[in-house]
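Trainee: Sending over a structure as structure tokens; questions will come in a sec.
The values are calculated or read from the model by the stated rules, or taken from the named source; none is laboratory data. Since the structure is predicted, the reported quantities are computational estimates derived from the model, not experimental observations. In this analysis, Cβ positions are derived from the backbone assuming ideal geometry, glycine residues included, and neighbour counts consider all displayed protein chains.
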Amino acid sequence: MKTSDHTILITGGATGIGRGLAEAFHARGNKVIIAGRRKEVLDEVTAANPGMSAYVLDVGDADAIREFARRVTAEHPTLDVLVNNAGIMRAESLLAQPDDLADAEATVITNVLGPIRLTAALLPALQKRPRSTIINVTSGLAFVPLARTPTYSATKAALHSYTQSLRSQLKGTTTEVIELAPPAVQTDLMPGQATSAHAMPLKEYIAEVMGIFEAQPGAEEVCVERVKFLRNAEAEGRFGQVFQMLNGG
């Protein structure tokens, strides 16, 4: 994917990796549209980046996704890039879960059903463009799970698998499919992560990602160097070692 001359929609675009990508693409002259649940945060981002557009969207709401897709394609008919970035991550104790499983179910709805539903809603419009791109943001934890966030890790593994199938089915069409798999990055995804010495600084992550996009426009996976010890652990026969390193024991 080229890094300019696009109309790009980024879910979860008001904070963290989503905002970093939005501002990086905006700086390169793209028309950037961000979507998220909190209007006041969206407004802060658009105020700091004149020309950027924003929509309130809860990707966990199936009806809202359908209405949003109708509106955004009507108002932005040149939309040609979808970045499924919105996600939540919560620690869970599997031995002490409440009966309603609210955290686990919310994580599945946001991280898996959200991207699947939004992709389905926007794919007909994307397929009408001369070229289009779908970028699904997964995680290094799709490949080696963090045991204290079991549902999050499982949803990212599911999205990795879905992305592979979507790419296969769209082969030969005008829509390419890219997986972006971050390592731990200094964002507010989890309490304390924004200042963790074990997480990659956000600016460094975004700079390396944009460098990969520019150097490898045909890449199907975008993995910075820091995530490769997770991404390649199983293929390199290191899965057990990396799992223990990540989780102790």
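Trainee: Would you confirm, using the coordinates I've provided, whether Asp80 is within 26 Å of Gly16 (Cα to Cα), in contact (Cβ under 8 Å) with a residue 24 or more places away in the chain, out of contact with any strand residue (DSSP E or B) (no Cβ under 9 Å at 6 or more places or on another chain) and not hydroxyl-bearing (Ser, Thr, Tyr)?
Mentor: no
Trainee: Can you tell me how many residues within the range 63-100 are closer than 30 Å to Pro130 by Cβ and in a helix (DSSP H, G or I)?
Mentor: Going through the range 63-100 one residue at a time, the tally reaches 12.
Trainee: Now for a different question. Taking the range 128-163 as the search range and keeping residues that are within 13 Å of the chain's Cα centre (by Cα) and outside any helix (DSSP H, G or I), which one is nearest to Ala199 (Cα to Cα)?
Mentor: Ser139
Trainee: Then there is this: Have a look at Phe68, Phe25 and point out the one that is in contact with a strand residue (DSSP E or B) (Cβ under 9 Å, 6 or more places away or on another chain), within 16 Å of Val137 (Cα to Cα) and of a type in the set (Phe, Trp, Tyr).
Mentor: Result of the check over Phe68, Phe25: Phe25.
For (1) touching a helix residue (DSSP H, G or I) at 6+ places or on another chain (Cβ under 7 Å); (2) closer than 14 Å to Leu141 by Cα; (3) of a type in the set (Gly, Ala, Ser), each residue gets a yes or a no:
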site	(1), (2), (3)
Thr155	yes, yes, no
Thr173	yes, no, no
Gly192	no, no, yes
Lys203	no, no, no
Glu208	no, no, no
Gly237	no, no, yes
Val242	yes, yes, no
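Trainee: May I pose another question? Filter the range 1-28 down to the residues that are part of a loop (DSSP other than H, G, I, E, B) and either acidic (Asp, Glu) or surrounded by fewer than 24 Cβ atoms within 10 Å (Cβ to Cβ) (or both) and list them by number.
Mentor: Met1, Lys2, Thr3, Ser4, Asp5, His6, Thr15, Arg28
Trainee: From Leu189, Leu230, Leu180, Leu202, grab the single residue that is modelled with pLDDT of 95 or more and farther than 18 Å from Gly87 by Cα.
Mentor: Exactly one residue qualifies, and that residue is Leu230.
Trainee: OK, next. When you go through (1) in contact (Cβ under 8 Å) with a residue 40 or more places away in the chain; (2) within 25 Å of Asn247 (Cα to Cα); (3) part of a helix (DSSP H, G or I) one by one for Leu113, which number turns out not to apply?
Mentor: (2)
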